[in-house]
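The next block holds one structure in the form of structure tokens; read it before the comments.
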Amino acid sequence: MGKSRVSAVNPKQKGKYAPKPASKWGREEETEFFANRVKLFRQGKISEDDFRRFRLQNGAYGSRLHAGYSMVRIKVPGGEMTPEQLEKIASLSEAFSIGSAHVSTRQNIQLHWVQLEDVSEVMRGLVDVGLTTREACGNTVRNVMCSHFAGVCPDEAFDATPYSKAIARFLLRNPMCQNLPRKFKINFACCEKHGLVRVADIGLVPTIKEENGKQVQGFRIYLGGGLGAASFIGHLLEDFTPEDRVLSTCMATVRLFDRHGNRENMARNRMRYLVHETGWEKFQKMVLKERIAVEMTTATATAKMYDVKSEEDTRQLPKAPRMTKLPMLNEHVNRDSPAYERWLHTNVVPQKQEGYFTVFITLGAGDITASQLRVLASAIRDFSTEGVARNTPQQNFAIRYVRGTELSEFYGRLATAGLANPGALTIASAVGCSGTTSCNLAITNSHRLAKEVQRKFLELGLDTDDSLKNSTIKVSGCPNSCGQHEIATIGFFGGASRIGGAMSPTYTMLFGGSAGENGELGKAVMRVPAKRVIDTILKIVEIYRNERAENENLDQWIGRIVRGQGTASIKNLEDIKNALSSVIQLPPQEQDPDAYMDYGSDAKFTAKTARGECAA
Amino acid sequence: MRRLKPVKSSSKKTQAKEHAKLPIVCDVDMLRSLIRKKAVRVVDVRKAEDYQAGHIPTAVSLPLARLLADDKPETVVELLQELGITEEMPVVVYDDTFGALAARVAWTFQYVGHPNTALLETTFKQWKELGLETETKARTYPKTKHPLNVNKDMYADAGYVEAAQSQQGKLLVDSRERLNFLTEHIPTAKNIPYTMLGANGNILRKAEELKRMIENRGISPDAEIITYCGSVGTLSGLAYYALKMAGYQNVKLYPKSFKEWKSLGKPKEEFKEANYWDLSAE
């Protein structure tokens, strides 16, 4: 009885255009194989270590202090998802997880607390809709990211999406990537502003160069960046890498990492350490030399497996109807503005395609329920000419190709399911890794904190203050940067400190990080008790408002403080530390025991961690 | 969409005497055919007002709450008699949730001695969505005689569960949702959340799918399994039938479930090392 099928096709569907066929990443036989390995492991026929490696290679990450459960990480190359995929994930989350799904900071979708014995069932469902968990964890090439603006960004040279998918397809299951020293991350941008190219092992920014009067497509490629307990900003390999050398450049880099990467010391085996220890100039020469070797030795048949053409979306999308009056995206709004106007202002941006807009769905630290996923899927079918969604590293969804004439109707549909909250493109959209909700390494509940920040900021209407709009808040539950705290304007990573004799959850606050091609890493400022983080940020905003130069945004002001160039009472990081010292004070524990507990907990705080699952 | 066939009255009175032996789950076509032959008692376990607003033709009303108010076997047999159910008569039960309420009623009927009871494969909502016939007429049937024949093999109480915890070959299954299970459960229990039992509009998945999912858990085919849930044995009633569908012969329901277990002050297993509730997007 196809009840879901009946309701899946909306009779009023506006999608007159052929839906985009889903890319096929998953393989049926791998699900069966996984189920059998689990049985063998349970029967004691596979060692714990061997099984762990296998499990991670296949995208099942152990859950916090409970190895019987997995976080299933669904790889979504470029973040692009069809409505059918969203609906399937909805059903899988209800059947085998906790009834909600989670957008990660690297465009994966994660299902938490799945019983290990059900992981193969989840995989089976994913294969039905073309998805895979293969090589989503472990020492592999992880999900290949691509800016969610790629293809619609007014500042991009060309659409990087098909390149990102082609490289993802080439490397997935490729024997050269099955036993790397450690994980490996590749990120594509659309333009110099958007994308995480400087904090990846390989980051690529599309660009066009004129050669002999001809326009040649290519990339600026950055190598050796990455976030973690010790982070590095990637180095530019060369001014211009033509598109026909993208594959050999990536292969050369992976090969060098495979050969020279540190296999002894797990704490220093990401490629960024290799680059750092080798020295950039030497590593750069090695890559350029290795690339020649790759180009000379790669069989044509192998090179043909990297097929950008076949990943292109060749559909001709219709032009959007001309609007007599443009939506008031830039009109000034405040907390009391009508909800729709506030949403327009903070969640909608025009595309380079005239009349089309990209709409962002504000989620709380990436959480979305099964029923919300279904509403989203049907709304995409009815309102996005492109017919797909992209999930974003800010843990939201971007729905592109929405006609300006239909924004208000689209808003109405989203609002029926709590999906029309404002603030997606503002400081209110705080990022939070999963923290102690499911991760072995986490010390604090960063996930809940990010949601609390968002709730408070929306309540105060900080999303409507344009001077805060370009600033970001990102929270990790430990120093390992899954919450990308080092590229936040104000970032936080969790730890434990003794305060007045009591072990308490605290966060180290960082200032002045940024993403994009000119991205910088944040600088540590001070430790803040978990329950004082929100007040601390609000105090910073207050100080900024008093001290800013004319037309200066929060991120610009913070940048100036980091450089020690403040012009009013706060000159540098030392000054801001002093200014915040009273906000971070906790009353004695007897007076306010709650202040010493972490979010989501009513028990005394203890820092409990176990072996990380990031490395296999 | 299925084409509607009118409900015709059977001309052969003898037909009613040859009783169909029902499978665990009765599909829509089979039920409609039995209704046409007047060879089935359909039991609607939704609230009385829902029943009055429309129900499957010929169905009688037995709201779950009424059964739960007093589910002593003697009382349940009186209910069977009141609903005009004879000893061999096929009985098909349906609800409007996802089969759990129907399962609890069906289990109780079988427990007191009416084995020829089945669950309808779908819910009333889906029955309507398929465009199938309904009626508003409240049905009553002449009172019957029904023997009391308690099937103890289907039932577990707290003492039985406690003993089973340490017995080889016996397994406790908690059918509540994952986060409730993680928070606290009866020690040694395994979690098979009710949410994984149904799919695509069916209250239960196909037998081979259920079998595969349970086998994945390494549960031996000859294991004795006791199901329980939060309070009154509805979710675990559905799990009871899912296990039966999957081919497990020896299944028991602990109808008083975790609520009673806790009220008796018996030990619980808790997991407080993670803030998993904060993953909910509510």
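Readers should treat all values here as calculations from the given coordinates under stated rules, not as data from a laboratory. Just so it is clear, the structure is predicted and the values come from calculations on it, not from any experiment. Glycine also receives a Cβ, built like all others from the backbone with ideal geometry; neighbour counts cover every protein chain displayed.
Tabulated data for the structure shown
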read-out: Within 10 Å of each Cβ in B:179-185, the average number of Cβ atoms from other chains; value: 2
read-out: Relative contact order (percent, whole number), segment B:146-255, Cα cutoff 8 Å, 6+ residue spacing; value: 33 percent
read-out: Span-like helix ranges in chain A, DSSP H, alpha carbon extent 15 angstrom or more, Kyte mean at least -0.5; value: A:83-96, A:161-171, A:246-260, A:280-297, A:370-383, A:533-547
read-out: Among B:T58, B:T122, B:T140, residue whose mean-square fluctuation peaks in a GNM of chain B (springs only between Cα atoms under 10 Å); value: B:T140
read-out: MRE, 222 nm, helices only [DSSP H, n ≥ 4, -39500 (n - 2.57), over chain A, to nearest 500]; value: -9500 deg cm²/dmol
read-out: Order of A:I584, A:I292 under a 10 Å beta carbon neighbour criterion, fewest first; value: A:I292, A:I584
read-out: Amide N proximity, segment B:117-140 versus B:Q52 label position 7 Å along Cα-to-Cβ, cut-off under 17 Å; value: B:135-140
read-out: Tilt relative to chain B, helix B:235-245 - C-alpha long axis, 0 to 90 degrees, to 10; value: 80 degrees
read-out: Gyration tensor verdict on segment B:155-279 (Cα atoms; rounded if a/c is under 1.5, prolate if a/b is larger than b/c, oblate otherwise); value: oblate
read-out: Kirkwood Rh and Cα Rg combined as Rg/Rh, segment B:19-151; value: 0.92
read-out: FRET efficiency estimate (nearest 0.05) - Cβ-Cβ, A:T416 to B:K21, R0 51 angstrom; value: 0.65
read-out: In degrees, nearest ten, helix B:73-82 long axis to first principal axis of chain B (Cα); value: 20 degrees
read-out: Antiparallel DSSP beta bridges within the protein assembly as shown, as percent of all bridges there, nearest 5; value: 65 percent
read-out: C-alpha long axis of helix B:100-112 to longest principal axis of chain B, angle in °; value: 80 degrees
read-out: Cα gyration tensor shape for chain A, rounded if a/c is under 1.5, else prolate or oblate; value: rounded
read-out: Taking segment A:17-128 and dividing mean pair separation by its residue count, relative contact order in percent (alpha carbons under 8 Å, at least six apart); value: 30 percent
read-out: Chain B: antiparallel DSSP beta bridges as a percent of all, rounded to 5; value: 15 percent
read-out: Cleavage-rule hits, chymotrypsin sites (Phe, Trp or Tyr not before Pro), segment B:109-138, DSSP coil, Cβ neighbours within 10 Å at most 12; value: none
read-out: DSSP loop GluC sites (Glu not before Pro) with at most 10 other Cβ within 10 Å excluded, longest remaining stretch of chain A; value: A:1-263
read-out: FRET E, pair A:E552, A:T405, Förster distance 30 Å, beta-carbon r, rounded to 0.05; value: 0.25
read-out: Within segment A:213-236, backbone nitrogen closer than 13 Å to the virtual label 7 Å beyond the Cα of A:N265 toward Cβ; value: A:230
read-out: Per-pair calculated FRET efficiency, R0 = 60 Å: A:L40 and A:S582 via Cβ, rounded to 0.05; value: 0.50
read-out: Distance in nm between pseudo-label sites at A:F240 and A:N518 (7 Å out along the Cβ direction from Cα); value: 2.2 nm
read-out: Residues listed by number, segment B:122-146, amide nitrogen under 14 Å from B:K38 label point at 7 Å toward C-beta; value: B:140-142
read-out: Trypsin sites (Lys or Arg not before Pro) restricted to segment B:43-77 and DSSP loop, no more than 10 other C-beta within 10 Å; value: none
read-out: Spherically averaged projected area of chain B from its Cα convex hull (nm²); value: 16.3 nm²
read-out: Of all DSSP beta bridges in segment B:170-280, antiparallel share, percent nearest 5; value: 25 percent
read-out: Loop-resident sites, segment B:240-282, for chymotrypsin sites (Phe, Trp or Tyr not before Pro), counting at most 16 other Cβ within 10 Å (DSSP); value: B:F271
read-out: Mean separation of Cα contacts under 8 Å, 6 or more apart, over the residue count of chain B: relative contact order %; value: 18 percent
read-out: Helix-only [θ]222 nm of chain B, DSSP H runs n ≥ 4, -39500 (n - 2.57) each, per residue, nearest 500; value: -9000 deg cm²/dmol
